[in-house]
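K.L.:
Sending over a structure as structure tokens; questions will come in a sec.
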Amino acid sequence: MKKSTIVILVCIAIVLGMVSGIMYAIIDRNNLQEAQINEIRKLNELIEANIVKVNEIQEDVVATSGSDVKLSPNAYIIFEKHYIDCGHTIIEKRQINDDEVNKDEEYFKNAYSDWEIESFSANEVKLYKEFQGNCDEHYLITVNDENIVVYSVDEDGNKTLKEETDIPVQYLPEEDVELLKKGITAYGQNELAKKLEDFE
Ligand SMILES: [Zn+2]
């Protein structure tokens, strides 16, 4: 063979080798992509199956907490009253009335339609509502002619006499009397009782 023929053959061999290498890489990549697509497809199917399952579970929960649960005779209703102006939440609790025994969530949705039902179980219904203004737990401790008195104060500063105590002013130190004349504010029954104790 001529030298030039050998060179050409070698060149062809190299080119063929390169082309086949590239082809192989492309085919391989396609296979890889296909494998990945299959993998993703499987994953999606799995996720979808689980979402369906989760939905079923949620429906179960709603179903049991909704129509099936009925109030036991010893159940309580908890009223959470949130006052927007002062930011306080007053919690009141009472045992259910006789006519509320065995009632379900649907009944309470109608009976307390302006309240939000926070939770509902056989032993407890939790209701929530927002109110304008202050809660009714804002007090002013001050004095009248003889005794320490307590006023309730609303959000506009209007005072209503709540209680005239039997704590006399005449034996109190002058500085206490001055403080009381200016008025001492208290929030909640506990704080009120505590601050009154200081003067007893
Ligand atoms: Zn308040």
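K.L.:
Residues that are assigned to a helix (DSSP H, G or I) and under 27 Å from the mean Cα position of the chain (by Cα): does the stretch 116-138 have at least one?
P.N.:
No, every residue in the stretch 116-138 fails to be assigned to a helix (DSSP H, G or I) and under 27 Å from the mean Cα position of the chain (by Cα).
K.L.:
I'm checking my understanding of the structure. Among residues of the stretch 145-174 that are surrounded by 12 or more Cβ atoms within 10 Å (Cβ to Cβ) and in a loop (DSSP other than H, G, I, E, B), which one is modelled with the lowest pLDDT?
P.N.:
Across the stretch 145-174, the extreme among qualifying residues is Glu155.
K.L.:
Continuing with the same structure: Can you tell me which of (1) over 35 Å from the mean Cα position of the chain (by Cα); (2) within 16 Å of the ligand (Cβ to nearest atom) is the one Glu163 doesn't meet?
P.N.:
The single condition Glu163 does not satisfy is (2).
K.L.:
Taking the stretch 178-200 as the region of interest, how many residues are part of a helix (DSSP H, G or I) and either within 12 Å of Ile141 (Cβ to Cβ) or in contact with a Phe, Trp or Tyr (Cβ under 8 Å, 6 or more places away or on another chain) (or both)?
P.N.:
So the answer is 11.
K.L.:
Select from the stretch 89-99 the residues that are modelled with pLDDT of 95 or more and surrounded by 14 or more Cβ atoms within 10 Å (Cβ to Cβ) and list them in ascending order.
P.N.:
If the condition is that a residue be modelled with pLDDT of 95 or more and surrounded by 14 or more Cβ atoms within 10 Å (Cβ to Cβ), then Ile96 is the only one that fits.
K.L.:
In the stretch 100-136, what residues are within 16 Å of the ligand (Cβ to nearest atom) and surrounded by 18 or more Cβ atoms within 10 Å (Cβ to Cβ)?
P.N.:
Correct list: Asn134, Cys135.
The values are calculated or read from the model by the stated rules, or taken from the named source; none is laboratory data. Nothing here was measured: the structure is a model prediction, and the numbers come from that model. We place every Cβ from the backbone using ideal geometry, glycine too, and count neighbours over all the protein chains shown.
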